[in-house]
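The values are calculated or read from the model by the stated rules, or taken from the named source; none is laboratory data. Because the structure is a prediction, the values reported are computed rather than measured. As a convention, Cβ positions derive from the backbone with ideal geometry for all residues, glycine included, and neighbour counts pool all protein chains shown. To get the accessible areas, we keep the full protein, side chains included, count just its heavy atoms, and leave off ligands, DNA and RNA. Shrake-Rupley method; radii C 1.70, N 1.55, O 1.52, S 1.80 Å.
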Amino acid sequence: MINNNTSSQPSSSSSSTSNNNNNNNSSTQGVGAGVGLKNFFKTPEGRYNKVDKDKTHPSTLLPYALAKSITQITLAHLKDQPAQSTSNAPALQPSSSYSVASSGVRYVTSKILGSSGNGSRMLGFVGGNGNGHKANGGTSKSSHVGGLSNGSSSTVGSNTSDGKGSYLIFNVGDTLYISDLTSEEKDPVKSITFGNSNPVCHAFDSKAKDGHDFLIGLNSGDVYSVSLRLQLQDVGKKLVGAHHYNKDGALNSSRCTSVAWIPERDGAFVAAHADGNLYVYEKSKDGPGDSTFPVIKDQTQFSVAHARSSKSNPIARWHICQGPINAIAFSADGRHLATVGRDGYLRVFDFLNEQLICGGKSYYGALLCCAWSPDGKYILTGGEDDLVQVWSMEDRKVVAWGEGHNSWVSGVAFDSYWSPPTSEDESENAVYRFGSVGQDTQLLLWDLAMDELVVPLRRPPGGSPTYSRTQSSHWDSAIPVGTLQPAPSTKDVPKLAPLVAHRVHSEPLSGLIFSQEAILTASRDGHVKIWTRPGSDSQVSSTDTSTPSKPVSSGFK
């Protein structure tokens, strides 16, 4: 936690030490690590209860595999319309039968968690300047991808013929697991091992118009797009019908840290890397155009380079920063892109116009995760300073700091299904509910009401202990477009206290997601817990037809 004395700023080493001590204490408890963890927590709306059945990796997984990567989780819902292609086809015919609960899936439907942010931390610079080689950096297709074998005895024998259902996809070590969320079994129904490379990030397209709806990024830099339904239909032990991008790191050999589909732009996606570069792909393009890009002249400056050939894939390279990009997130309309990195900066771009809009630095250390509010007005960030920062797109600055975590914040998300209590005085204030998880094993819930924030007052010159009646200089004017700001003083930013602080796991957390009927939390070693909302029935259907609620209409601009 940060106080107003800047000399007491947190350090990553102290946070790590504290976190390691907590982990050691937890590990000494063995199976009893859950002792002291309550199966419920209370909010003003009522009590959240943990579901008995968690989802996780097979119990036969060797402990050393858990340290290979940090678990990230994606939730997907496949409707009951059958796929249009056979299992050995390289691509599927167009189909509109794919949907995902990106903010979450209905409770048992959404039985396990995903992370809005990458949650991983990069401790060094990886790769070069992204100018690549002449080798194919675009797309290659195959019906079965060699070397990607199912390394588990678990197969897809229980799958339905059309892949109908709700699924959890998560990575542990060098393996990608797919679990049936409606099943009583905690073990996955399928696992795919990636040999010498680890899957580290993935994303599902909620509106895919052809079969390829799932992205996988590897620590070798390779990226795959596949049909999730096709993987479930195939009983073999290999990834089938995959499109392969940046094959063998031909274009960029640094770790792929985050992947995301571009909203409202069918078939387009981005892949971020640990060398600070982000590439824009279109899955409809095969190459073999020239996929090289010019040398980056200034590693410290943002730049965009487009492919020399209209047939090339990727179609563009964005150089974001000098160090690793840790997480990326698009606004719901696809217009804006937020990135956070090892250098501690949030950067917000007008993606359509390829322009840097605003950004700023953390109070201390790297930023690890970010998330947009459903209306695109606010951005959450979390990182090594133990803070949750709230950024305003209108003001282009930090408008609140959330203090409550005792270690690095690894996941943040807005609860788009939460509605504030009704009152007689409505519409003059937007109220948001959001959550955060961290390496301190805690889930924190927060309420943000802009008109209730206490804005610090300006301290007059001369060191007087009294405050003037004017606001801090941090609020004097809007920040010019394209400006990256230094970290503000702790005296200038309003502080938020958590509504709820609950220790939900015995291991550090890596992700958080909200569904209509539950909150889902995941630890970095591949265990997910489901916390049902007050009044929710634990036995719900495996469909998610609900629409996320929006914040109360705002009276401020």
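General remarks:
- Sequence-distant residues sharing a close amide H with ASP386 (under 5 Å, placed H): VAL409
- For the stretch 222-227, 3J(HN,Hα) per residue [Karplus equation, 6.51 cos²θ - 1.76 cosθ + 1.60, θ = phi - 60°, Hz, x = Gly/Pro]: 5, 10, 10, 10, 9, 8
- Test item: Cα-centred dipole of the stretch 190-245, Lys/Arg +1 and Asp/Glu -1 on Cβ, debye: 160 debye
- In the context of the full set of protein chains, the stretch 306-385 has a per residue accessible area of 27 Å² (1.4 Å probe).
- If you wrap the tightest convex hull around every Cα atom of the stretch 294-364 and split its volume per residue, you get 107 Å³.
- Here the ratio of the Cα radius of gyration of the stretch 173-303 to 2.2 N^0.38 Å is 1.13.
- Amide H partners (placed H, <5 Å) of SER309, local residues excluded: ASP290
- Protection proxy ranking of 357-367, 519-529 - average other beta-carbon atoms within 10 Å, highest first: 519-529, 357-367
- Given their separation in residues at 0.36 nm each and the Cα-Cα distance between them, ARG47 and GLN355 gain 106.4 nm when the chain is fully extended.
- Ratio of Rg to Rh over the stretch 226-356 (Cα coordinates, Kirkwood Rh, two decimals): 0.98
- √(5λ) per eigenvalue of the Cα gyration tensor, the stretch 307-446, largest first, Å: 28, 20, 13
- The stretch 159-215: projected area of the alpha-carbon convex hull, averaged over directions, in nm²: 4.6 nm²
- Between GLN231, SER220, SER258, the Cα set farthest toward the positive side of the dipole of the stretch 190-345 (charges on each charged residue's Cβ, about the Cα centre) is that of GLN231.
- Only Lys, Arg (+1) and Asp, Glu (-1) charged, at Cβ; the stretch 328-403 dipole about Cα centre in debye: 140 debye
- Between GLU394 and GLN301, the contour length at 0.36 nm per residue exceeds the alpha carbon distance by 31.1 nm.
- 3J(HN,Hα) along the stretch 336-341, derived from phi through the Karplus expression 6.51 cos²θ - 1.76 cosθ + 1.60 where θ = phi - 60°, amounts to 10, 10, 10, 10, 10, x Hz, with x in place of Gly and Pro.
- Rounded to the nearest 20 debye, the dipole magnitude of the stretch 219-293 is 280 debye, with +1 charges on Lys and Arg beta carbons, -1 on Asp and Glu beta carbons, and the Cα centre as origin.
- Highest to lowest packing among 436-443, 328-335, scored as the average C-beta count within 10 Å: 436-443, 328-335
- For GLY511, the residues whose amide H sits under 5 Å from its own are ALA522, ignoring neighbours fewer than 5 places away on the same chain, with H placed 1.01 Å from N.
- Candidates VAL348, HIS319, THR381 compared by Cα position along the dipole of the stretch 309-384: farthest toward the positive end lies HIS319, with charges placed on Cβ.
- Rounded percent of accessible protein surface that carbon and sulfur make up, the stretch 191-244, 1.4 Å probe: 47 percent
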